[in-house]
Amino acid sequence: METPETESWREGEETWRVLRAYFPGSIETHNLIQDFFFGQDLMLRRHDYGVNIAGGFAAAQLTTHHVTANGIAVPTRRRAYTRGPDRRPILEMLMVSIDISEVEFE
């Protein structure tokens, strides 16, 4: 797996660092190329990928409400939107909504 850093992303007043992950074909995943966006605090803010099912579409998953469980930070709110040609999420096109209420690692 390769994860080079790509061009940073400006979101409002913040600048996010972006890692592009190239997954090997032996790993089952949304798409073989995915982008992960991190804030200054190194928390995951966004995850971009292509969805190969349901007709296929470019997705931007926004991740918020981070909690820490046993030293591991996890975003507990995830919203995946269709991504427009400008790489921005189309907020009127919510595709997936995930809320995690309890996080525990042992």
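The values are calculated or read from the model by the stated rules, or taken from the named source; none is laboratory data. Bear in mind that the values here come from a model prediction, so they are computed numbers and not experimental data. Ideal geometry is used to build each Cβ from the backbone, glycine not excepted, and the neighbour counts take in all protein chains shown. Ligands, DNA and RNA are excluded from the accessible area calculation, which covers all protein heavy atoms including side chains. Shrake-Rupley method; radii C 1.70, N 1.55, O 1.52, S 1.80 Å.
Report, ordered by the first and then the second residue, all pairs with beta carbons closer than 9 Å, sequence separation of six or more or different chains, a first member in segment 81-106 that is closer than 16 Å to Val67 by Cβ and assigned to a strand (DSSP E or B), and a second member that is of a type in the set (D, E, K, R) and open to solvent by less than 70 Å² (accessible area, probe 1.4 Å).
Ile98/Arg78; Ile98/Arg79; Asp99/Arg78
Residues being in contact with a Pro (Cβ under 9 Å, 6 or more places away or on another chain) and open to solvent by 80 Å² or more (accessible area, probe 1.4 Å): count how many of those fall in segment 52-104.
Matching residues across segment 52-104 total 1.
Looking at His47, His30 in this structure, which one is part of a loop (DSSP other than H, G, I, E, B), within 24 Å of Glu2 (Cβ to Cβ) and either touching a residue at least 24 places away in the same chain (Cβ under 8 Å) or open to solvent by less than 40 Å² (accessible area, probe 1.4 Å) (or both)?
Working: His47 fails: part of a loop (DSSP other than H, G, I, E, B).
Testing whether each residue is part of a loop (DSSP other than H, G, I, E, B), within 24 Å of Glu2 (Cβ to Cβ) and either touching a residue at least 24 places away in the same chain (Cβ under 8 Å) or open to solvent by less than 40 Å² (accessible area, probe 1.4 Å) (or both) leaves just His30.
Name the residues in segment 1-13 that are open to solvent by 70 Å² or more (accessible area, probe 1.4 Å) and farther than 20 Å from Gly84 by Cα, would you?
Met1, Glu2, Thr3, Glu5, Glu13
Specify which of the listed residues (Phe57, Phe37) is modelled with pLDDT of 95 or more and not polar (S, T, N, Q).
Checking each option against the conditions leaves just Phe37.
Under 7 Å by Cβ, and 6 or more places apart or on different chains, what pairs join a residue from segment 1-15 that is farther than 24 Å from Leu32 by Cα with one that is small (Gly, Ala, Ser) and part of a loop (DSSP other than H, G, I, E, B)?
As it stands, the answer is Glu14/Gly39, since those pairs meet every condition given.
Test of understanding: among Glu92, Glu28, which residue is over 15 Å from the mean Cα position of the chain (by Cα) and modelled with pLDDT under 95?
Within the list Glu92, Glu28, the selection yields Glu28.
Scan segment 1-20 for residues that are in contact with a Phe, Trp or Tyr (Cβ under 7 Å, 6 or more places away or on another chain) and over 24 Å from Thr68 (Cα atoms) and jot them down.
Result: Met1, Glu2, Ser8, Trp9.
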